[in-house]
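Right, one structure below, let's go through it.
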Amino acid sequence: MAWRAKASATVWRRGRRNANVVAMHDRPAFLLSGSVEIVKTHYPERRGYKEFEIAKAIVLVRNPFDAIDSYFNMAFTNTHNVSLEESIYEQFRREWELLVSHEIRIWARFYTFWFTREIPLLAIRYEDALCHTDEVLRRMIAFYTSSDYSQLEEEEPALLARAREILTINSNDVGPYQPRSGGVGKSLRHFSAEQIEEMCNVAGQALKNFGYHPGLQGFPESIAARPPPPLRHCMREGDDGASVSINAEFLLREADDRFGRNISRIRKKHTNFDRNPLPVQAAEEQRSTENEALD
């Protein structure tokens, strides 16, 4: 789950607990069947197929620097696994500046929405999923099963073992595409000092809450060097009987938001409707760039 993750959550259908069916992106056939327990959603950044009530949620958080940069690459290449040539950031500087200024506000409002709901909620940082995978896995299973985290091996041994087994599978075999590198903070080189300052002004408290503030918390180096925040800081019990309506009328984006689903129009305008794609990095160049950013 990622914004590409800028806006992503896993939610539980109200009153369900059988673990038989998993649906992603509000898949309509499963939702209409009434048998779904877990759904991936981008709401309220965008609306899915059908409105439904949920009783608890895991919210996946990714730092806005990598999230916005990933979104820019996805939108301008129309892929999940190819990176634009570095020169594109200068060639489309105005679009990049407008997108950053706009999307940091969407990022901040998305997490404000979720962290002000009254349902049980677990926050997972995408970066911790990369750097501290087993710990994140344990937290998710404990939250999902309502188990005692300290007794997870005894209470959910089969589920924990199966989840760890899945992690050993080659990532080339588990999805339709290979996403870009998940390197932490690799995109900061694309942001000017003025852009970083604006992002900190707009979303400073949220950045600090998640450990993403470059100036005050040493992001990104601090993420890999430290363990995830204590579980008590990442999980909220919520109120009995509370629920949230997914795919309801409320949305973060206006219908004419040019950086929402309309962003493809910008790409098509500059590529003759995708007949002349923008230049992208070759595989070796992309790996080299990403490795340099991680060093």
- Note on the structure: Under the 7 Å Cα-to-Cβ spin-label approximation, ASN78 and SER146 lie apart by a distance in nanometres of 4.7
- Query: If you count, for each residue, the other Cβ atoms within 10 Å and average over each peptide, how do 145-158, 213-226 line up from highest to lowest?
  - Reply: 213-226, 145-158
- Task: Output the direction-averaged projected area (hull surface divided by four) of the convex hull of the alpha-carbon atoms of region 92-221, in nm².
- Result: 10.4
- Message: Tell me the carbon and sulfur percent of the accessible area for region 24-162, rounded to whole percent, probe radius 1.4 Å.
- Response: 53
- With all protein chains in place and a 1.4 Å probe, THR133 shows an accessible area in Å² (nearest 10) of 50
- Message: Which trypsin sites (Lys or Arg not before Pro) in region 89-141 sit in a loop by DSSP (not H, G, I, E or B) and have at most 12 other Cβ atoms within 10 Å of their own Cβ?
- Response: none
- Query: So how do PHE76, PHE115 rank on accessible area, 1.4 Å probe, biggest first, that is with the largest at the start?
  - Reply: PHE115, PHE76
- Message: Past the 19 angstrom mark, what percentage of all C-alpha to C-alpha distances in region 53-103 do you count?
- Response: 36
- Can you send over the solvent-accessible area of LYS186, 1.4 Å probe, protein chains only, in Å² to the nearest 10? 30
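The values are calculated or read from the model by the stated rules, or taken from the named source; none is laboratory data. Computed from a predicted structure; not experimentally measured. Note that each Cβ is placed from the backbone with ideal geometry, even for glycine, and that neighbours are counted across all protein chains shown. For the accessible areas, the whole protein counts, side chains as well, though only heavy atoms, and no ligand, DNA or RNA atoms are used. Shrake-Rupley method; radii C 1.70, N 1.55, O 1.52, S 1.80 Å.
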